[in-house]
Amino acid sequence: MKLVFAGTPEVAVPALDALIASGRHEVAAVVTRPDAPAGRGRRLVASPVAERAEEAGIEVLKPAKPRDPDFLDRLREIAPDCCPVVAYGALLPRVALDVPARGWVNLHFSLLPAWRGAAPVQHALMAGDEITGASTFLIEEGLDSGPVYGTVTETVRPTDTSGDLLTRLAFAGAGLLAATMDGIEDGSLKAVPQPGEGVTLAPKITVEDARVDWTAPALRVDRVVRGCTPAPGAWTTFRGERLKLVQALPLPDRTDLAPGQLAAGKNNVYVGTGSHAVELLWVQAQGKKPMRAADWARGARITEGERLGA
């Protein structure tokens with residue numbers, strides 16, 4: 001088939017690579033978000049997908065909105081059979097959905113109908129899911145509600161962050177998307193409607209969602225820290241300033257600390273929760289680089305009775 005691939009961030013690059021490498025289909029063009037300001041100088045930088053496509057000599061389309069007339073005209077000129085999508089980052093209007101004969105097929109990082117929305121991996125971790133995965137489905141105008149072509153499962157490991165899990169799913173999902181394109185092309189795959197039950201939503205994680213509630217059980221604190229790492233970053237406050245929590249470890253045997261209460265030793269920093277303590281392993285103070293929590297505590301000269309989140 002002739003394909004137009006739509007995607008933007010680094011997590012979409014493995015899928016683009018898999019389609020290029022398959023040799024069975026032609027990636028005629030790539031659609032991605034416009035260049036965005038990045039770094040200290042805030043200079044405009046192309047998306048990771050755009051950079052990879054340019055390296056491969058593939059035409060890159062960067063519409064401000066996917067309903068832009070010039071973009072739609074060019075898409076019709078290319079006349080793709082199918083448009084695979086991974087984390088493109090913009091809603092596709094019906095006028096665009098109608099262009100490819102076999103539709104737009106999205107790789108979504110959950111086992112649909114669970115965790116429909118922008119942040120499926122973060123929500124799966126924060127909810128304590130033990131198994132997650134990726135799905136390919138035919139895009140409709142509803143939110144991740146289209147019929148499913150295929151799935152792949154992935155075990156959630158006890159120390160996984162959302163970054164760890166998303167990296168594994170990006171590569172597992174790349175193979176799934178390539179196989180889905182093959183199955184659509186030869187007619188061996190048919191999309192199956194999603195069940196009406198089991199639907200959960202995964203909206204974008206806000207900064208407030210990432211704030212740690214020290215009155216919650218340690219297990220919940222651990223899930224928030226892992227689910228929000230690397231973005232948007234779990235956080236609390238210390239002496240009125242924001243403190244980012246990069247890595248923490250629940251300690252079931254320590255129950256002597258009140259919620260948010262700090263206890264700093266020579267090489268360890270502990271915080272009380274609504275159940276038992278957690279050990280802070282890595283933190284990032286405002287305006288600083290990430291550092292070991294024990295080094296941060298020594299520099300801060302924590303006094304007895306001080307709390308996080310107060």
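Assuming a ≥ b ≥ c are the square roots of the Cα gyration tensor eigenvalues, decide whether region 1-103 counts as rounded (a/c under 1.5), prolate (otherwise, with a/b larger than b/c) or oblate. Here region 1-103 falls in the oblate category. Pairs over the 26 Å Cα-Cα cut-off, from the set K2/K204; K62/K244; K266/K289; K62/K204; K62/K289; K62/K190: K2/K204; K62/K244; K62/K289; K62/K190. Computing volume of the Cα convex hull per residue in Å³ for the structure here picks out one of [x] 143; [y] 130; [z] 122, namely [x].
Expressed to the nearest 5 percent, the antiparallel share of DSSP beta bridges inside region 35-179 is 80 percent. Using a cutoff of 8 angstrom between alpha carbon atoms and counting only pairs six or more residues apart, the relative contact order for region 131-211 works out to 31 percent.
Cβ-Cβ distance of K266 and V60, R₀ of 35 Å, FRET efficiency by 1/(1 + (r/R0)^6): the value works out to about 0.05. Of the solvent-accessible surface of region 233-310, computed with a 1.4 Å probe and all protein chains present, 47% belongs to carbon and sulfur. Gain on full extension, evaluated as 0.36 nm per residue between E208 and I131 minus their Cα-Cα distance, stands at 25.1 nm. Sparsely packed loop sites in region 195-245 (the GluC sites (Glu not before Pro) outside DSSP H, G, I, E and B with at most 13 other Cβ atoms within 10 Å) comprise E197, E208. Between L201 and K289, the simple spin-label model (points 7 angstrom out along Cα→Cβ) gives 4.1 nm. If R0 is 30 Å, the Cβ-Cβ spacing of R76 and A38 corresponds to a FRET efficiency of close to 0.40. Other residues with beta-carbon under 14 Å from the beta-carbon of A114 carry, at +1 per Lys or Arg and -1 per Asp or Glu, a net charge of -4. Here is how the number arises for the chain: DSSP H runs of 4 or more residues each give -39500 (n - 2.57), the sum is divided by the residue count, and the result at 222 nm is -8000 deg cm²/dmol. Note on the chain: dipole from Cβ charges, positive end direction compared against P147, L243, G128; the farthest Cα belongs to L243. Applying 0.36 nm per residue to the separation of L281 and T303 and subtracting their alpha-carbon distance, the gain on full extension is 6.0 nm. Taking all Cα pairs closer than 8 Å and separated by 6 or more residues, the relative contact order of the chain comes to 13 percent. Fully extending the segment from T255 to V192 would add 17.7 nm, taking 0.36 nm per residue of separation and subtracting the current Cα-Cα distance. Projecting the Cα atoms of G103, P66, C82 onto the charge dipole of region 1-114 (Cβ charges, centred on the Cα centre) puts P66 farthest toward the positive pole.
Of the residues A293, A277, S188, the one whose Cα sits farthest towards the positive end of the charge dipole of region 166-294 is A293 (charges of +1 on Lys and Arg Cβ, -1 on Asp and Glu Cβ, taken about the Cα centre). Given +1 at the Cβ of Lys and Arg, -1 at the Cβ of Asp and Glu and no other charges, the dipole of the chain around its Cα centre is 1200 debye to the nearest 20.
Loop-located trypsin sites (Lys or Arg not before Pro) across region 125-225 with a Cβ neighbour count of 14 or fewer within 10 Å are K190, K204, with loop assigned by DSSP.
The values are calculated or read from the model by the stated rules, or taken from the named source; none is laboratory data. Quantities reported herein were computed from a predicted structural model and do not represent experimental measurements. Positions of Cβ are generated from backbone atoms using ideal geometry, with glycine treated the same way; all protein chains shown enter the neighbour counts. Heavy atoms of the whole protein, side chains included, go into the accessibility calculation; ligands, DNA and RNA do not. Shrake-Rupley method; radii C 1.70, N 1.55, O 1.52, S 1.80 Å.
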